[in-house]
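Working notes for the structure below.
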Amino acid sequence: MRGSQQLHPRITPPRAPRRKRRGLRAAGVVASAALLLPALSAVPTASADQRPSSDTLQRAFATASAKYRVPTDVLLAVSYLQSRWDTHGGAPSVTGGYGPMHLTDAATALATAPHVVGSLEDPRGDSARPLAAARTVRPALPTPGELPARLRTLGRAAELSHLSPASLRRDPAANVEGGAALLASAQRRLGLPLTGDPADWYAAVASFPSATDAATADVFARDVFDVLHTGERRTTDTGQVVTLTGHPRLTGRTEQVRKLGLTVPPADHVECPESVACEAIPAPYQKLEGADYGNHDVADRPHAPSQKVRFIVIHDTEGSWDTTIKLIKDPTYVSWNYTVRSTDGHIAQHVPTKDVAWHAGNWYMNSTSVGIEHEGFLAQPDSWYTEQMYRTSARLVAYLAEKLDIPLDRQHILGHDNVPGTTPSTIKGMHTDPGPYWDWEHYFDLMDSPLAPTGGLFGGMVTILPDYEDNVVPYTGCVQQGRPCDRHGSGAVRLRTAPRENAPLVKDAGLHPGDGASTNDVNDTGARASTGQQFALADRHGSWTAIWYLGQKAWFKDPWWEPTAVSAWGRVVTPRPGLREVPVYGRAYPERAAYPPGVPVQDVTPLPYKLLAGQAYALGATVPGEYLWAKTFDPAGHRLVRGKDVYYEIQFGHRVAFVKAADVRVRASDR
C-alpha cells in the first residue's frame, strides 16, 4: 500500500533499449556456437528516389525548434515518450493520436474506426455460475463532443501553427511543428521564458498530455527528462535515423508542476509502485437481485481459503478510458484489477490483488491471476500504443511480480489471447487481445527482464523472438473481414505444416473443428506463436525451424540472417512411458473425490487436443488441482477445494494448457 500522494522522484527499473537488444541477442548466439547470427536491418521496400533522406525527421525537429524556440532535445524527448519517433503510416494510435508527437484527434479517428463489441466469452468463466451474455457487450463509443481535452490536442495545434488538421495527421514534419507550437504556447501561458535550457521547460512538458492531475503530469515530465538524461537513438518505422544525445547532468525544475494548478489525488488504497501515478476507482461489490451479486469476488489471496496469484493477464479495453471507467463502476458488468491510460500512462486500480476479478474467461485463471486492461480507444488491432503506456504498465507488472512472487516470463505474464478455453465449447469464444501487435520484447526490456538466449546449439528449446519492427506478417480482418491489414511490425510468427512458404497453416482442432483451416485473420490464433513463448524444438530444415505445437510439428521461417527465435534450455514434459497420448486441459481442477458435501463436482473436461508420445512441451508453472467455489455474496460461504492431483502448465499452442503430472514425465530439454 502507498501512503499519501507525493510528487516522488521517478524510480525506473533499468532497461535494455531495443538498439542494444540485438547486441544481447548476438552475444547469446556466439555463446551458443553460432546457432544464430545478428538480425540484419530491414531494407525499406521503396526505391531510393522515392524515400526521404534518413535524416529528414531529425531536421524537422530542428526546424520546428528554431521556429517556436523550443529546445530541440525537449521536442525529441517528448516525441519519444509518445511514439518513439514512429509515424505509423499516418494511422491513429489506440487513443486517436497521430504522428511522432501523438497529436490527438479522436473525433476523426472515431469516424473511420470499426466498432468491435465483446465476444461470446463469459469473463467469469465458471459454468457453475455463468454471467448473462449481455454483460460481455460494450456500450457505444463516446460522441466527439464527449471527448476530453487530452483526446483533442491536434485541433489546438492546428490553431496555433496555422497548419491544416489533415497535414498534422499525415505529414510528420507538420506534426512535429504542431507539437512544438503546443509546447511554446504552454510555456508562455505559464509565464515562463522561451529559453534554450531544457530544464526551464519542465512544466510545459508536464502539460503536454493534458493530464488532469499533478501526479500524472509529473510522472510524464520525469519520464521525458529521463530520456533527456540517457539519450536515445533508433531507426524509425520509415527508416529515419533519429538521435537524441544524453544530458546526464540535466536537472528539471520539478517545482514548476505547481504552476499547472492541477489537483493531487490521494493514492491510498492502491497497490502501485511509487514511479507511476495511480488512483483508486473501486469496482462495486454489490448485491443484485436474489442471490446474484457483482462484479467480482472478495477473497484473501494468498491466504486460505483463497489461492496464490500465479499469473498476470494483459488485456486491451477496445474502448476509451472514460467508457472503461463507466463499465468498471457498473455492478452488473464484470471487472479487472487495473486500467492503464494510453495518452499519459495514468493507472487506476479497481479490485485489490487479494480479490478475484472477472476478466479472463476462465475461472481457474481468474482465481489465480491479476488482470490489467490497457486503453484501446479504437477497435483496430493494428493501432499503436504509446511508449508512456508501455513504461508505466511495465513498472506496474514488475512491481506486482515482486509483490506476489510471480516470475517475469511468458509462462506467467500472459496475454488474454494466451488464456485457454475451459472446455471444448468455449474455445471459439475466447478473446484475442492484446493480439500480434503488442510489443512483448520491448515490454520485457522495460521490466529489466529482457528476452534472450538461454541455451546453446543443443538446448532443445527455442524462445520466439522476431525483431518487432522488421517482422511484418500479413494479416487480414483489422478493419473488414478478409481485407488485408496495413503493413505493421508484429511480435508473432506464423506456423505451417511443412518448411515452405506455400505449406498450409497448422490446424487448431478446437478453434477450427472438422475440416476448418487456420487463417491469416488477425484474431485467429490457431497457427501463431508469440514473442517470449518457449517451445520444444522438433526439427530444423534450412532456414526453417519446427516446434511441437497443439500435438503436431509446426514450422516457422527462421533464417540465420534474420532469426525469429533464439536458443533456449529448460524443462519439458513428455507422456509417461507406456502412454501413447495424454489429455490436455484448460483448467487445473481437482479430482472428484476432493469435493466436500455441498460443493458440486466440477468435471475435469479435456480439450480437443492430445499430447502424443514422442512430443515435448515447455513446462511453466507447477500448480495444485484447485477449485474456488464462490457463489455467495458473503465470502464466508466460499470454499477452496484442493485435491491430490498436481498439474503442469505447458506452452501447448498459442494459448497455455494444463496436463496432469501423473500423466507425464519431466526432463531437461537437451535430453
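The values are calculated or read from the model by the stated rules, or taken from the named source; none is laboratory data. No experiment lies behind these values; they were computed from the predicted model shown. Cβ placement follows ideal geometry from the backbone for every residue including glycine, while neighbour counts extend to all protein chains displayed.
Of all the numbered requirements in (1) crowded, with 17+ Cβ neighbours inside 10 Å; (2) in a loop (DSSP other than H, G, I, E, B); (3) modelled with pLDDT of 95 or more; (4) not acidic (Asp, Glu), residue 596 misses one, and that requirement is (1). Candidates are the residues of segment 147-185 that are under 27 Å from the mean Cα position of the chain (by Cα) and of a type in the set (D, E, K, R); the one that is farthest from residue 98 (Cα to Cα) is 150. The single residue among 545, 574 that is within 22 Å of residue 664 (Cα to Cα) and not aromatic (Phe, Trp, Tyr) turns out to be 574. So, in segment 632-671, exactly how many residues are under 24 Å from the mean Cα position of the chain (by Cα) and polar (S, T, N, Q)? Count: 1. Among the residues of segment 646-664, those identified as in contact with a helix residue (DSSP H, G or I) (Cβ under 7 Å, 6 or more places away or on another chain), assigned to a strand (DSSP E or B) and crowded, with 20+ Cβ neighbours inside 10 Å are 647, 648, 656.
In segment 305-328, of all residues being aliphatic (A, V, I, L, M) and in contact with a helix residue (DSSP H, G or I) (Cβ under 9 Å, 6 or more places away or on another chain), the one that is farthest from residue 110 (Cα to Cα) corresponds to 309.
Each row is one residue, and each column tells you yes or no for (1) touching a Leu at 6+ places or on another chain (Cβ under 7 Å); (2) closer than 29 Å to residue 517 by Cβ; (3) modelled with pLDDT of 95 or more; (4) hydrophobic (A, V, I, L, M, F, W, C).
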residue: 392; (1), (2), (3), (4): no, no, yes, no
residue: 399; (1), (2), (3), (4): no, no, yes, no
residue: 402; (1), (2), (3), (4): no, no, yes, no
residue: 405; (1), (2), (3), (4): no, no, yes, no
residue: 419; (1), (2), (3), (4): no, yes, yes, yes
residue: 429; (1), (2), (3), (4): yes, yes, no, no
residue: 457; (1), (2), (3), (4): yes, no, no, yes
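Modelled with pLDDT under 95, on the phi < 0 side of the Ramachandran plot, surrounded by fewer than 23 Cβ atoms within 10 Å (Cβ to Cβ) and within 14 Å of the chain's Cα centre (by Cα): is that true of residue 382 in this structure? Yes, satisfied.
Residues in segment 286-301 that are out of contact with any strand residue (DSSP E or B) (no Cβ under 9 Å at 6 or more places or on another chain) and either β-branched (Val, Ile, Thr) or touching a residue at least 40 places away in the same chain (Cβ under 8 Å) (or both): 291, 300. Scanning segment 106-129 for residues that are surrounded by 17 or more Cβ atoms within 10 Å (Cβ to Cβ), at pLDDT below 75 and part of a helix (DSSP H, G or I) yields one hit, 110. Restricting segment 503-523 to residues that are at pLDDT 95 or above and charged (D, E, K, R) leaves a set whose member that is nearest to residue 429 (Cα to Cα) is 508.
If you go through segment 461-499 and keep only what is free of Cβ contacts under 8 Å to residues at least 12 places away in the same chain and of a type in the set (Lys, Arg), you end up with just 483. Would you be able to tell me the number of residues in segment 545-580 that are surrounded by fewer than 20 Cβ atoms within 10 Å (Cβ to Cβ), in contact with a Leu (Cβ under 8 Å, 6 or more places away or on another chain) and part of a strand (DSSP E or B)? Residues in segment 545-580 being surrounded by fewer than 20 Cβ atoms within 10 Å (Cβ to Cβ), in contact with a Leu (Cβ under 8 Å, 6 or more places away or on another chain) and part of a strand (DSSP E or B): 1 in total. If you go through segment 423-465 and keep only what is over 16 Å from the mean Cα position of the chain (by Cα) and either acidic (Asp, Glu) or assigned to a loop (DSSP other than H, G, I, E, B) (or both), you end up with 423, 430, 452, 453, 454, 455, 456, 457, 458, 459, 460. Looking at segment 573-588, can you tell me whether even one residue there is within 24 Å of residue 533 (Cβ to Cβ), touching a Gly at 6+ places or on another chain (Cβ under 9 Å) and without any contact (Cβ under 8 Å) to a residue 40 or more places away in the chain? Yes, that holds for at least one residue.
How many residues does segment 85-97 hold that are at pLDDT below 95 and under 18 Å from residue 183 (Cα atoms)? Step through it out loud before you land on a result.
Filtering segment 85-97 for residues at pLDDT below 95 gives 86-97.
Okay, now just the ones that are also under 18 Å from residue 183 (Cα atoms), so 97.
Counting residues in segment 85-97 that are at pLDDT below 95 and under 18 Å from residue 183 (Cα atoms) gives 1.
I'd like to check something: does segment 621-631 contain any residue that is surrounded by fewer than 17 Cβ atoms within 10 Å (Cβ to Cβ) and modelled with pLDDT under 95? Checked against the condition, which is being surrounded by fewer than 17 Cβ atoms within 10 Å (Cβ to Cβ) and modelled with pLDDT under 95, segment 621-631 yields at least one hit.
Selection of segment 572-598 for residues being more than 20 Å from residue 366 (Cα to Cα) and acidic (Asp, Glu) yields only 581.
Applying the set (1) touching a residue at least 24 places away in the same chain (Cβ under 8 Å); (2) closer than 30 Å to residue 74 by Cβ; (3) out of contact with any helix residue (DSSP H, G or I) (no Cβ under 8 Å at 6 or more places or on another chain) to residue 257 leaves exactly one unmet item: (3).
Whenever a residue of segment 201-213 is touching a residue at least 12 places away in the same chain (Cβ under 8 Å), its partners that are outside any helix (DSSP H, G or I) and basic (Lys, Arg), lying with C-beta atoms within less than 7 angstrom and at least six residues away or across chains, give the pairs 202/253.
Taken over segment 480-505, the criterion of being in a strand (DSSP E or B) and either over 25 Å from residue 239 (Cβ atoms) or among the basic types (Lys, Arg) (or both) is satisfied by 494, 496, 505. Among the residues of segment 346-362, those identified as polar (S, T, N, Q) and in a loop (DSSP other than H, G, I, E, B) are 353, 362.
Identify the residue in segment 466-479 that is in a loop (DSSP other than H, G, I, E, B) and hydrophobic (A, V, I, L, M, F, W, C) and, among all such residues, is nearest to residue 537 (Cα to Cα). If we take residues in segment 466-479 being in a loop (DSSP other than H, G, I, E, B) and hydrophobic (A, V, I, L, M, F, W, C), then 473 is nearest to residue 537 (Cα to Cα).
Selection within segment 302-329: residues that are more than 27 Å from residue 418 (Cβ to Cβ) and without any contact (Cβ under 8 Å) to a residue 60 or more places away in the chain. The member of this set that is surrounded by the most Cβ atoms within 10 Å (Cβ to Cβ) is 329. Among the residues making up segment 241-253, a single one is buried (at least 18 other Cβ atoms within 10 Å of the Cβ) and either at pLDDT below 95 or under 23 Å from residue 210 (Cβ atoms) (or both): 252.
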